[in-house]
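Here's the structure, in structure tokens; my notes come after.
The values are calculated or read from the model by the stated rules, or taken from the named source; none is laboratory data. Remember, it's a predicted structure, so these values are computed and weren't measured experimentally. So basically every Cβ, Gly included, is an ideal-geometry build from the backbone, and we count neighbours across all protein chains shown.
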Amino acid sequence: MRIPIYQVDAFTHEVFGGNPAAVCPLESWLDDRTMQAIAMENQLSETAFFVPAESPLRIRWFTPKAEVDLCGHATLAAASVYLETIAPDREEVVFESQSGPLGVRRDQGLYALDLPSRPPVPCEPPPALIEALGAHALMWLKARDFMGVFRTEAEIRALQPDFAVLAGFDKVIVTAPGTESDFVSRFFAPSVGIDEDPVTGSAHCTLTPYWAKRLGRPRLSARQASARGGELLCEDRGERVSVAGRAVRYLEGTIFVGD
């Protein structure tokens, strides 16, 4: 069996930046074990699968360890492959997913994702979480993920988590006001095989409503302060958020599976 594969750097204007995702358009769905094995072989934070001929057009995402319910950067990457290669006459694609419909449209050179809003609420962090980060946040909140709010971008960049301890938690966002953007963040998910994700669209489902409320405006510029870095334009739309960025194709090829 031959399966096309694309690798796309999402939320960046140049290769080697942003977050790399693998995208595999399929003729028909593979079994879960094979998709998980492909994701493990790729060793990227996410591999996205979809069947272009299917209606509705479902999308699924796998880390090297597990399937996840939402992934923004791999959805952006999959949309760029679909709109540039499979259906270049279209301006928008809507994927069905575990998190509901996810629309992606071309928008002045960017790809804009329509994602569910996940506003956080205040919470008490487990002591082990603070120990894992090695620093105290100003406050902690939680939606799907824990989110620690810090005072400065420098504090965010200086964090050196203990990933062995952090693996005891599902996913963790840290954020602060930005020096050249409205806010910055980092995202840790060692429990699903990703110590630090370079750029995380799904985290901005929580970051966007928080910062929109705090700053008093719906449109925001964001930067994920990972080693690779990434830029996002976010908009709070009530029950939905828009997260937009660029996508740059790095490679395309063929996977050989089976005899």
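Could you list, in sequence order, all residues of the stretch 231-248 that are over 14 Å from Ser221 (Cα atoms), of a type in the set (Gly, Ala, Ser) and part of a strand (DSSP E or B)? Before you say what the answer is, go through the steps one by one.
First, pick out the residues of the stretch 231-248 that are over 14 Å from Ser221 (Cα atoms): 237-240, 247-248.
Pick out the ones that are also of a type in the set (Gly, Ala, Ser) and you get 238, 247.
Correct list: Ala247 only.
If a residue has to be assigned to a helix (DSSP H, G or I) and in contact (Cβ under 8 Å) with a residue 60 or more places away in the chain to count, how many in the stretch 42-72 make the cut? Reasoning before the result, please.
Pass one, the stretch 42-72, residues assigned to a helix (DSSP H, G or I): 42, 72.
Now narrow it down to the ones that are in contact (Cβ under 8 Å) with a residue 60 or more places away in the chain: 72.
Count: 1.
Matching residues to (1) more than 28 Å from Leu215 (Cα to Cα); (2) assigned to a loop (DSSP other than H, G, I, E, B):
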position: Leu83; (1), (2): yes, no
position: Glu96; (1), (2): yes, no
position: Pro101; (1), (2): yes, no
position: Asp114; (1), (2): no, no
position: Ala132; (1), (2): yes, no
position: Met147; (1), (2): no, no
position: Ala154; (1), (2): no, no
position: Arg157; (1), (2): no, no
position: Gly168; (1), (2): yes, yes
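Keeping to the stretch 79-106, report how many residues are exposed (fewer than 15 other Cβ atoms within 10 Å of the Cβ) and under 20 Å from Ser221 (Cβ atoms).
0
Scan Val257, Val174, Val192, Val248 and give me the residue that is touching a strand residue (DSSP E or B) at 6+ places or on another chain (Cβ under 8 Å), within 20 Å of Pro116 (Cα to Cα) and of a type in the set (Val, Ile, Thr).
Step by step, each of Val257, Val174, Val192, Val248 is checked, and only Val174 is touching a strand residue (DSSP E or B) at 6+ places or on another chain (Cβ under 8 Å), within 20 Å of Pro116 (Cα to Cα) and of a type in the set (Val, Ile, Thr).
When both residues are 6+ apart or on different chains and their Cβ atoms are under 7 Å apart, which pairs have a first residue that lies in the stretch 171-184 and is in the same structural domain as Ala135 (by TED's automatic domain parsing) and outside any loop (DSSP other than H, G, I, E, B), and a second that is among the hydroxyl-bearing types (Ser, Thr, Tyr) and surrounded by fewer than 19 Cβ atoms within 10 Å (Cβ to Cβ)?
Ala176/Thr152
If I go through the stretch 1-20 residue by residue, how many of them are over 19 Å from Val257 (Cβ atoms) and assigned to a strand (DSSP E or B)? Before the answer, list the steps.
Taking the stretch 1-20 as the starting set, the residues that turn out to be over 19 Å from Val257 (Cβ atoms) are 8-20.
From the residues that got through so far, the ones that are assigned to a strand (DSSP E or B) too are 8-10, 19-20.
Number of matching residues: 5.
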